[in-house]
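Report on the following structure.
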Amino acid sequence: GTRCNAVRAYLTRRGADGVRVCDRPNLTIATNVRVSKLGALDENGSVNNVHFKQGKDFGILHARREVILCGGTIHSPHLLMHSGIGPKETIENKCHIKCQVELPGVGKNLRDLASSGVIYEQKQPSIDKAVKRKLNIAKFALGMNSPLHSNTMDCFAFTSLETLQPSTSNTSTLITNSTTATANFADVKHDSSERRGKEDSLGDETMKQAHDRRDRRPNVMLSLQAARFPFACVGSYTNSVSDGQTGKLPNAFTVHTTLLQPKSGVKGGQVAIASSYPFFPPTISHGYLSHEEDIKRMVEAIKVARKVVQSKDFDLIRGRELLPGPSVQSDKEIEMYIRRSACHFFGTIVGTCKMGIDENAVVDTSLRVRKTNNLRVVDASVIPS
């Protein structure tokens, strides 16, 4: 198969009437447009217009019914604050924008998962070179198995570090084929998996038992990428993409260690406007690794990733360790590496326009922005955690 996107999934498909969604008369699609702010609310709390910029031109759209905001976890709160909806102190005192609706939770409660990992040289050609081979291109065109069918992320393992330690014998008990890396990736599982499967149904369990079971959920994700990932200490993501397109990526593979259920930032990070100019980038605070327990788990996760790669199943492709490097061995050295390398991974940012009923909630259960009449937010920013 091939990867799908929003346009192919929703706009170019044909409905029951045979008409493509993008060709419907009640839908207008404008490209290269940036919204600068929502217009002033009327006495009923309704947003009646939206201000935008298209190229060098500015314009205003008038709303007859509702305005639906879908800018994502970063840009939705950013736009609300520039429209005077959010924490009054930030909007008025710092950026001198008139506050129309005071909602202290806008931009707060940012939730994200920190990710680090290990990188090794790969004895076989890396994925960026494999996809340029004429044979692989032909296989892709004919619908045959080819590296072009992959996004380089083929293998994932969700586990609990409390039941899986580097010193145990069950670190590498399940081998999963990786079509992209032309090798095998040692997945992980633990002896109690069968028992836990039987516990999936609550049945007559007490609430305490339910909470105990919730505490045993996976707290780390290991994932194999058939390329060198640009961790924070490696370089920019843009440069890495450019190197991949020009065939300059080193022959390497990455095992990511992503912390699930982090205790850092229980109150969440935040997104805030930094200027009254609507297109000035916001400030973003992720709140990574501020809890000691998260650091300990990440250190253990790096140890597990190393042990997985050192298993015999990687012998055919494993070269020398590039990151963190053979000299990084003690817990303190691994912690220092994690703090240098940890970064965002896998589009997990949520929470900055969270749904709820407390004073910091931004939208209600219908995704309508509180204290407004016709404004909704419909994206990942409404997910509370």
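The values are calculated or read from the model by the stated rules, or taken from the named source; none is laboratory data. None of these values were measured; they are calculated from a predicted model. Because the Cβ atoms are built from the backbone with ideal geometry, glycine has one as well, and the counts that use them run over all protein chains shown. Remember, those area values only see protein heavy atoms, side chains included, never the ligands or the DNA or RNA. Shrake-Rupley method; radii C 1.70, N 1.55, O 1.52, S 1.80 Å.
A few notes on this one:
- Residue in the range 17-24 that is part of a strand (DSSP E or B) and surrounded by 11 or more Cβ atoms within 10 Å (Cβ to Cβ) present: yes
- Residue that is nearest to ASN109 (Cα to Cα) [pool: residues in the range 24-82 that are aliphatic (A, V, I, L, M) and in contact with a helix residue (DSSP H, G or I) (Cβ under 9 Å, 6 or more places away or on another chain)]: ILE74
- Restricting the range 214-258 to residues that are within 21 Å of ASP315 (Cβ to Cβ) and open to solvent by 30 Å² or more (accessible area, probe 1.4 Å), the residue that is modelled with the lowest pLDDT: PRO250
- The range 332-385, residues that are basic (Lys, Arg) and out of contact with any strand residue (DSSP E or B) (no Cβ under 8 Å at 6 or more places or on another chain): LYS332, ARG339, ARG340
Residue by residue, here is whether (1) of a type in the set (Asp, Glu); (2) over 22 Å from GLY287 (Cβ atoms); (3) assigned to a strand (DSSP E or B) holds:
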| position | (1), (2), (3) |
| --- | --- |
| SER76 | no, no, no |
| ASN93 | no, yes, no |
| SER116 | no, no, yes |
| TYR120 | no, yes, yes |
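- Candidates LEU80, LEU135, LEU148 - the one that is out of contact with any His (no Cβ under 9 Å at 6 or more places or on another chain), part of a helix (DSSP H, G or I) and open to solvent by less than 30 Å² (accessible area, probe 1.4 Å): LEU80
- Subset tally (residues that are of a type in the set (S, T, N, Q), open to solvent by 50 Å² or more (accessible area, probe 1.4 Å) and under 15 Å from the mean Cα position of the chain (by Cα)) for the range 370-385: 1
- In the range 30-49, the qualifying residues are those that are closer than 12 Å to VAL101 by Cβ and not in a loop (DSSP other than H, G, I, E, B), and the one that is most open to solvent (accessible area, probe 1.4 Å) is LEU41.
- Of residues in the range 302-346 being under 15 Å from PHE229 (Cβ atoms) and of a type in the set (Gly, Ala, Ser), the one most open to solvent (accessible area, probe 1.4 Å): ALA342
- Filter result (over 19 Å from the mean Cα position of the chain (by Cα) and under 13 Å from HIS256 (Cα atoms)) within the range 274-299: VAL299
- Residue selected from the range 56-74 under the condition touching a strand residue (DSSP E or B) at 6+ places or on another chain (Cβ under 7 Å) and either in a helix (DSSP H, G or I) or among the polar types (S, T, N, Q) (or both), by the criterion farthest from ARG376 (Cα to Cα): ILE74
- Condition broken by ILE349, with the remaining ones in (1) among the β-branched types (Val, Ile, Thr); (2) at pLDDT below 95; (3) open to solvent by 40 Å² or more (accessible area, probe 1.4 Å) satisfied: (3)
- Residue within the range 41-49 that is within 22 Å of ARG370 (Cβ to Cβ) and either within 29 Å of the chain's Cα centre (by Cα) or charged (D, E, K, R) (or both) present: yes
- Residue check for LEU69: touching a Ser or Thr at 6+ places or on another chain (Cβ under 8 Å), surrounded by 18 or more Cβ atoms within 10 Å (Cβ to Cβ), over 23 Å from PRO282 (Cα atoms) and not basic (Lys, Arg): no
- Filter result (within 21 Å of ARG320 (Cα to Cα), open to solvent by less than 40 Å² (accessible area, probe 1.4 Å) and in contact with a strand residue (DSSP E or B) (Cβ under 8 Å, 6 or more places away or on another chain)) within the range 109-131: SER116, GLY117, VAL118, ILE119, TYR120, GLN122, SER126
- In the condition set (1) assigned to a loop (DSSP other than H, G, I, E, B); (2) in contact with a Leu (Cβ under 7 Å, 6 or more places away or on another chain); (3) open to solvent by 10 Å² or more (accessible area, probe 1.4 Å), VAL106 is compliant with all but (3).
- Positions within the range 122-132 being assigned to a helix (DSSP H, G or I) and farther than 30 Å from VAL350 by Cβ, in sequence order: ASP128, LYS129, ALA130
- Any hit, the range 167-189, residues being at pLDDT 80 or above, more than 26 Å from GLY347 (Cβ to Cβ) and polar (S, T, N, Q): no
- Looking only at the range 132-153, residues that are of a type in the set (A, V, I, L, M, F, W, C) and touching a strand residue (DSSP E or B) at 6+ places or on another chain (Cβ under 9 Å) come to 1 in all.
- Residue-level check: of (1) touching a Lys or Arg at 6+ places or on another chain (Cβ under 8 Å); (2) among the hydrophobic types (A, V, I, L, M, F, W, C); (3) within 30 Å of GLN122 (Cα to Cα), VAL350 misses just (3).
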